[in-house]
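None of the figures in this text is laboratory data; all of them are computed from the coordinates on show. Keep in mind that this is a model prediction, so the values were computed, not measured. No Cβ is skipped: glycine too gets one built from the backbone with ideal geometry, and neighbour counts run over all protein chains shown.
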């Protein structure tokens, strides 16, 4: 499926890239698009991380009693939550 580049700046950039890499035009365009897609995915992940942190700060952490903030969970508590309680006897 052919594509026609009608922008001189784009054509110039493409020619610079293929001169440096030795790739064909199709491969250079494919790689550029893949790299951009990957960066966009990373940005989406970063935005989700920021949204989650904001949610934790505004909605979750204020609900935790102050005396429990920063307190770790013991191995026994972790096991109990995960259903790994040992029966004695």
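Would you compute, from DSSP H runs of 4+ residues alone, the mean residue ellipticity of the chain at 222 nm, taking -39500 (n - 2.57) per run and dividing by the full residue count, rounded to the nearest 500? About -20000 deg cm²/dmol.
What's the angle, to the nearest 10 degrees (0 to 90), between helix 25-55's Cα axis and the longest principal axis of the chain? Tilt relative to the chain: about 30 degrees.
The modelled label-to-label distance between residue 23 and residue 44, using points 7 Å beyond Cα along the C-beta direction, is 2.1 nm.
Between the Cα long axis of helix 8-21 and the first principal axis of the chain there is an angle of about 80°, rounded to the nearest 10.
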